[in-house]
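Here's the structure we're looking at; comments come further down.
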Amino acid sequence: MKRFLPIFLVILISFALCACNQATQENSDTWQEQYDLGVRYLSEGNYAEAIIAFTTAIEIDPKQAPAYVGRGDVYILSGETEESLIAAQADYEQAIELDKTNADAYLGLADVYIRQGEYDKAYQILKDGLDKSGSQPIADKIAEIENGIYTDSSRHIRRNDDYNADGTLDGYTLYEYDFLGRRCYWENYNQQYDAEGEATGGIVMDNYCEVDFDDENRISQYRFYEPDGTLTKYDTIVYNEQDLKTEQHRFTADGTEQAYFLYYYNNQGQEIKYESYHVDGSMYAYWVSEYDADGNLIKKTRYDPDGTMMGYKIYE
């Protein structure tokens, strides 16, 4: 998991400083002033000072839910560790206890669950939050999840569902990110089918992938493993002069080329299509990407070589 600051060192520092300055701060500042200061520090990425400000706001008036939400946000953004997630969860839960209509607290708590891989809990807390607050951002988050995409508060995709052409769930992918926010690892889970092609209702891990990066911060290799850790294949990447990925070549574990992929882009540098081929040059599938008016990827649809839709993923 990511770690920008040793979070509990920050907590200790904040309590020490608050103890030294509490008397003068309580006399001169209101909780709102300290809260506003915390919001400013948070927006600037100054997490240590933000925790101090939000903690001071809480000590001045412990019944103000926004201060707990603000401190929870700092714990999340200052480093995704088990300790920081636990601390953030406690703050968001306290905010909800104080104000059952605080939409940001429900969104924050759902974010903790998503980062912990507790997707059903995230969905349920959002449903509860919508019932209590009627918040449009919560409704939008629920709609996103119901479309099969789970993003954290940094807009990193944590889970992305795959659907068959008829809209039934075919599997999903779970993603992890490094401290630079780069997608560095994922696990693929697929639906199981019987000999007649009927879904058995069981979705199990098919493989996982580790990603390597070059000195220019570009992906250099994907390495795929069986669930037991056996390397099965790896991919190498080719880039053009604009640093856009144009080719991806797949090899078996012993270095035999197995397949390759070709990528195509529009004038804005957005990937609009990629094609997959067997090593003999015969195509076995292609994917078409769709974007909204703001240029955000919203959907990828998979087709067989004849143009028959095979499945899709929603991204927004």
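The values are calculated or read from the model by the stated rules, or taken from the named source; none is laboratory data. Everything numeric here is computed off the predicted structure, so don't read it as measured data. When we count neighbours, we look across all protein chains shown, and the Cβ atoms used for this are built from the backbone with ideal geometry, even at glycine. For the accessible areas, the whole protein counts, side chains as well, though only heavy atoms, and no ligand, DNA or RNA atoms are used. Shrake-Rupley method; radii C 1.70, N 1.55, O 1.52, S 1.80 Å.
Just a yes or no: is a residue in segment 241-263 at pLDDT 95 or above, more than 30 Å from T308 (Cβ to Cβ) and part of a strand (DSSP E or B)?
No, segment 241-263 contains no residue that is at pLDDT 95 or above, more than 30 Å from T308 (Cβ to Cβ) and part of a strand (DSSP E or B).
Picking from R71, R40, R3, which residue would you name as being within 22 Å of D152 (Cα to Cα), modelled with pLDDT of 90 or more, of a type in the set (K, R) and open to solvent by 50 Å² or more (accessible area, probe 1.4 Å)?
Exactly one residue qualifies, and that residue is R40.
Looking at segment 109-126, which of the residues that are free of Cβ contacts under 8 Å to residues at least 12 places away in the same chain and assigned to a helix (DSSP H, G or I) is nearest to I76 (Cα to Cα)?
K121
For the structure I just gave you, tell me whether N267 is on the phi > 0 side of the Ramachandran plot and either in contact with a Cys (Cβ under 9 Å, 6 or more places away or on another chain) or part of a loop (DSSP other than H, G, I, E, B) (or both).
Against the criterion (on the phi > 0 side of the Ramachandran plot and either in contact with a Cys (Cβ under 9 Å, 6 or more places away or on another chain) or part of a loop (DSSP other than H, G, I, E, B) (or both)), N267 does not qualify.
Report every pair of residues separated by at least 6 positions or lying on different chains whose Cβ atoms are under 8 Å apart, first residue within segment 271-298 and farther than 16 Å from G311 by Cα, second of a type in the set (G, A, S) and at pLDDT 95 or above.
These pairs meet every condition: E271/S289; I272/S289; Y277/A259; H278/A259; V279/A259; M283/S276; L297/S289.
Does segment 256-263 contain any residue that is within 29 Å of F179 (Cβ to Cβ) and not hydrophobic (A, V, I, L, M, F, W, C)?
Taking every residue of segment 256-263 in turn, at least one turns out to be within 29 Å of F179 (Cβ to Cβ) and not hydrophobic (A, V, I, L, M, F, W, C).
Take the residues in segment 140-152 that are outside any strand (DSSP E or B) and of a type outside the set (D, E, K, R), then tell me which one is surrounded by the most Cβ atoms within 10 Å (Cβ to Cβ).
Selected residue: I145.
I'd like the full set of residues that are of a type in the set (A, V, I, L, M, F, W, C) and touching a Ser or Thr at 6+ places or on another chain (Cβ under 6 Å), limited to segment 54-113.
Residue satisfying the conditions is A103 alone.
Just one of E226, E247, E198 is surrounded by fewer than 16 Cβ atoms within 10 Å (Cβ to Cβ), free of Cβ contacts under 8 Å to residues at least 60 places away in the same chain and within 24 Å of the chain's Cα centre (by Cα); which is it?
E226 is the lone residue from the list that is surrounded by fewer than 16 Cβ atoms within 10 Å (Cβ to Cβ), free of Cβ contacts under 8 Å to residues at least 60 places away in the same chain and within 24 Å of the chain's Cα centre (by Cα).
Filter segment 229-244 down to the residues that are open to solvent by 40 Å² or more (accessible area, probe 1.4 Å) and aliphatic (A, V, I, L, M), then identify the one that is nearest to Y277 (Cα to Cα).
V238
If Y193 satisfies all but one of (1) within 24 Å of D228 (Cβ to Cβ); (2) among the aromatic types (F, W, Y); (3) open to solvent by less than 70 Å² (accessible area, probe 1.4 Å); (4) out of contact with any Gly (no Cβ under 9 Å at 6 or more places or on another chain), what's the number of the condition it fails?
Of everything listed in (1) within 24 Å of D228 (Cβ to Cβ); (2) among the aromatic types (F, W, Y); (3) open to solvent by less than 70 Å² (accessible area, probe 1.4 Å); (4) out of contact with any Gly (no Cβ under 9 Å at 6 or more places or on another chain), Y193 misses just condition (3).
Which of the residues belonging to segment 279-308 are part of a strand (DSSP E or B) and exposed (fewer than 13 other Cβ atoms within 10 Å of the Cβ)?
Of everything in segment 279-308, just one residue is part of a strand (DSSP E or B) and exposed (fewer than 13 other Cβ atoms within 10 Å of the Cβ), namely Y284.
How many of the residues in segment 207-218 are open to solvent by less than 70 Å² (accessible area, probe 1.4 Å) and either part of a loop (DSSP other than H, G, I, E, B) or not β-branched (V, I, T) (or both)?
Matching residues across segment 207-218 total 8.
Of R155, R159, which residue is within 25 Å of D73 (Cβ to Cβ) and surrounded by fewer than 13 Cβ atoms within 10 Å (Cβ to Cβ)?
Sole residue among the options that is within 25 Å of D73 (Cβ to Cβ) and surrounded by fewer than 13 Cβ atoms within 10 Å (Cβ to Cβ): R155.
Against the condition closer than 30 Å to K300 by Cβ and of a type in the set (K, R), how does K121 come out, does it pass?
Criteria met by K121.
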